[in-house]
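Scroll down for the structure; my scribbles are underneath it.
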Amino acid sequence: MIRVVVADDQALVRAGVRMMLEAAGDMEVCGEAADGAEAVRLAERHRPDVVLMDLRMPRVDGLEATRRILSAQPSARIVVLTTFSEDENLYAALGAGALGFLVKDDPPARMVESVRRAATGESPLAPSVLRRVVERALAAERQAVPLPPGLTEREAQVLTLVGVGLSNAEIADRLHVGVTTVKSHVAALIEKLGLRNRTQAAVMAHRFGLVDNGFNPVAPARSDRESGASGSYRHP
């Protein structure tokens, strides 16, 4: 059962989200918060699989609540609920570590599937939305940065495909490995790069020059191991 905390200052929205999620049969709303401070308390008390977080709430807003929750629980999976897909605070929340966002008038099926994806650590962002997020994040930094030492060849390949916007299942199919193996590689590269989640990893794939502006993989140079030397994979 996927446990969810819903934070929104409108009771009607919370009730609607609860109804949609619990009708799916594999989800339970374990807490409802009317403001950010309450969301932080409920996240600490229940340790939910996913927090759905409205950004515009009284007392403590969703952005600050996201920061507080992730400061105390770095592995928390927060998905922003918004009515404004261009809200400036939305990108700040993603930068703070939110996994993605959902627009409140999204179809119920999309909301349910997005929460399922978030519960497994996958980004709930559609490829078209991921493109906007990456472009926004890179707007002030178009210069590629070197791929840091420590990533294996396979982790670099997985990071590239995360940057393209593929799901774990799609990456597994592309690399001819199991989904569990892909999940392990994603977790390892996120830890090695000091990131919070998959969305931030997608942005870093672009900063490392592993994915071009058209969201196509950039073929990496041969690894040190392939050239007969020891060491980790490095992008030129």
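Evaluated against (1) farther than 21 Å from residue 21 by Cα; (2) at pLDDT 90 or above; (3) small (Gly, Ala, Ser); (4) in contact with a helix residue (DSSP H, G or I) (Cβ under 9 Å, 6 or more places away or on another chain), residue 98 falls short on exactly one condition, (1). In the set (1) in contact (Cβ under 8 Å) with a residue 40 or more places away in the chain; (2) over 28 Å from residue 47 (Cβ atoms); (3) of a type in the set (Lys, Arg), residue 132 fails one condition alone, (1). All of 110, 41, 59 fail the test of being in contact with an Asp or Glu (Cβ under 9 Å, 6 or more places away or on another chain) and of a type in the set (Lys, Arg), apart from 59. Restricting segment 139-163 to residues that are of a type in the set (S, T, N, Q) and modelled with pLDDT of 80 or more leaves a set whose member that is least open to solvent (accessible area, probe 1.4 Å) is 160. Residues that are aliphatic (A, V, I, L, M) and open to solvent by less than 20 Å² (accessible area, probe 1.4 Å) were ranked within segment 64-75; the one that is farthest from the chain's Cα centre (by Cα) is 65.
The values are calculated or read from the model by the stated rules, or taken from the named source; none is laboratory data. Computed from a predicted model, the values in this text were never measured in an experiment. When we count neighbours, we look across all protein chains shown, and the Cβ atoms used for this are built from the backbone with ideal geometry, even at glycine. When the accessible area is computed, the model is the full protein with side chains, heavy atoms only, and any ligands, DNA or RNA have been set aside. Shrake-Rupley method; radii C 1.70, N 1.55, O 1.52, S 1.80 Å.
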